[in-house]
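A quick write-up on the structure given underneath.
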Amino acid sequence: MKRVVIMDYVFKNSDEKIKIITELENYNGMLCGEYLDENCELYKKIMKELSYDFNKTCIRLNKCSRNLSNNLEGTDLLFISKNIGGFNRKGIVIKENDEKLIYKNLNFVDLVLDEENIEKGEMNIFTHELGHVMMTNIMPEFIKYSKSTKQHCSMGITDYYNAFFEGFGEHFERLTFDCINKYRDCFNERYKYKFDPIKLWHCDIDANFRINKVLENGYIYKKILPSVSVDTMNLSDIIMLEHTSCIYDKTKVLNGNEMLSSEGVMATLFYRINTNDEIKNNYMKREDFNKFVLNEIPNSEDIKNIFSPFENVMLKNFLVWNLMKDKINEGSVPAIDYITLWCEYFEDDKEEILKIFIATTLGTTFTNDLKEIYEELSLIGMVGNVEKFITKLEEYKELYSHILKLVKDDKLSLSKNIYKEIWIKSDSVVVPSVLWDENSKKPLMININTASIYDLLAINNIDFKKAEKIIKIRDNRNGFGSLDEFYQILYNDCLF
């Protein structure tokens with residue numbers, strides 16, 4: 001049956017559409033712009049991109065997030081920057097004739113666009129940034145709790161909040177690849193098998209990973225440094241090399257705290273949930289859908305004619321975030337809240353959600369047993385011992401089913417191995433929050449429950465030997481409960 005989209009339930013009127021704004025000089029410290037001429041070629045090319053079904057769906061979902069949060073000032077817009085872009089922004093002044101329209105609370109996407117980069121498929125990032133806008137509409141204070149000062153990237157470990165926020169945006173890159181032929185073709189052309197040194201640039205590696213490693217759950221492993229001498233490198237550069245390294249040891253898996261601080265792992269989790277057929281087609285109650293529309297949907301209307309299965313699962317995300325927003329504080333763990341509240345509010349999804357969460361994280365947030373078998377399987381598989389592999393695989397499956405049942409029956413807490421973030425600011429090491437911008441350097445913030453050996457070296461009185469020992473003790477305990485506990489270990493000479 002063909003889906004009948006009745007736009008009036010979501011938008012004020014059926015011809016409402018996203019507006020394109022071009023940048024002018026700032027006005028009283030706020031971004032300022034004017035409407036792009038609808039007759040110019042750039043406008044036509046942008047609107048053609050936005051007319052792809054998946055982009056239209058995401059624009060519609062963004063309006064649903066605004067309706068839910070009652071953030072209705074102004075209309076949806078795309079801001080075209082002159083010099084920098086690729087952000088979610090808040091607050092804008094729009095110049096129209098001699099009038100200035102001020103929308104202080106409007107969240108929107110900011111991109112650098114021209115006719116050439118549009119043809120190259122660079123508007124594929126639009127839905128990523130729009131994903132941030134959706135989350136910000138519902139949880140406006142969320143990202144302020146992010147403490148990491150390292151540049152965010154899919155392969156790095158940052159913090160619980162940044163990983164959750166950026167992971168949601170990044171999973172749209174894989175969704176867009178799946179849904180829009182042009183962007184998939186442009187990606188394949190860029191990354192096809194030919195030698196092209198530009199693909200060695202950090203952003204290109206990251207973009208490639210967001211497509212491929214999200215699909216294969218490839219971010220769950222510990223990373224290793226390239227085989228280069230670090231003796232001549234300063235500690236800041238070593239830390240950033242480790243942070244951005246694209247080399248993984250598939251026989252070593254991240255711990256639970258690291259899993260939930262990884263943008264890539266979070267992107268994979270979101271992708272698996274939002275593409276799961278069972279969860280997508282398990283529709284919410286009518287009263288839940290009514291929270292996203294301007295006018296109540298009559299009982300005579302079939303909800304499935306108004307919202308697609310993908311829209312259904314995305315709106316579930318929004319409702320869960322709406323429940324999360326009052327729980328957010330410096331001590332919360334958003335990914336755990338997200339899974340827990342989803343299971344409570346959408347009980348029919350519980351088993352499937354838990355399957356996805358455990359399969360993605362290997363249950364590391366509450367047990368190390370599954371992870372240890374997985375690491376053994378990885379090594380045996382590489383060596384090629386088929387009999388050992390089959391035996392260990394059966395052991396893995398049995399344990400997976402056992403812990404799934406325990407968690408499903410609420411006999412095992414999802415956060416048993418999870419510790420709060422405990423931050424120390426380095427007195428001696430600064431790192432760039434934007435790799436290629438020297439002016440973006442800030443003191444390194446170190447979460448002792450996810451810090452690597454090199455991160456720990458940035459703390460006074462820690463040498464390599466002590467850092468190795470601290471990591472070993474932390475792994476045995478799954479984390480440190482307090483800063484005092486950490487310092488007691490650090491200054492306990494008998495441990496070293």
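The values are calculated or read from the model by the stated rules, or taken from the named source; none is laboratory data. Keep in mind that this is a model prediction, so the values were computed, not measured. Methodologically, a virtual Cβ is constructed for each residue, glycine included, from the backbone with ideal geometry; neighbour enumeration extends over all protein chains shown.
A few comments on the model shown:
- Top-ranked residue of the range 204-262 - restricted to ones that are within 21 Å of Phe464 (Cβ to Cβ) and among the charged types (D, E, K, R), ranked as surrounded by the fewest Cβ atoms within 10 Å (Cβ to Cβ): Asp231
- Taking the criterion of being more than 14 Å from Tyr219 (Cβ to Cβ) and either in a loop (DSSP other than H, G, I, E, B) or of a type in the set (Lys, Arg) (or both), the residues of the range 152-188 that qualify are Asp159, Ile180, Lys182, Arg184.
- Residue in the range 339-346 that is closer than 27 Å to Asp159 by Cβ and surrounded by fewer than 17 Cβ atoms within 10 Å (Cβ to Cβ) present: yes
- A residue that is buried (at least 20 other Cβ atoms within 10 Å of the Cβ), modelled with pLDDT of 95 or more and of a type in the set (Phe, Trp, Tyr) occurs somewhere in the range 415-429.
- Here is the figure for the range 336-345: residues that are touching a Leu at 6+ places or on another chain (Cβ under 8 Å) and more than 14 Å from Ser413 (Cβ to Cβ) total 2.
- Any hit, the range 208-215, residues being within 20 Å of Thr367 (Cα to Cα), among the aromatic types (Phe, Trp, Tyr) and touching a Ser or Thr at 6+ places or on another chain (Cβ under 7 Å): no
- Selection of first residues in the range 216-233 that are modelled with pLDDT of 90 or more and of second residues that are basic (Lys, Arg), restricted to Cβ pairs under 6 Å at least 6 apart or on distinct chains, gives the following pairs, ordered by first then second residue: Tyr219/Lys213; Tyr221/Lys250; Lys222/Lys252.
- Between Leu435, Leu444, the distinction of being modelled with pLDDT under 95 and either among the aliphatic types (A, V, I, L, M) or under 25 Å from Ser482 (Cβ atoms) (or both) belongs to Leu435 only.
- Members of the range 308-341 found to be among the β-branched types (Val, Ile, Thr) and more than 15 Å from the chain's Cα centre (by Cα), listed by number: Val313, Val320, Ile328, Thr340
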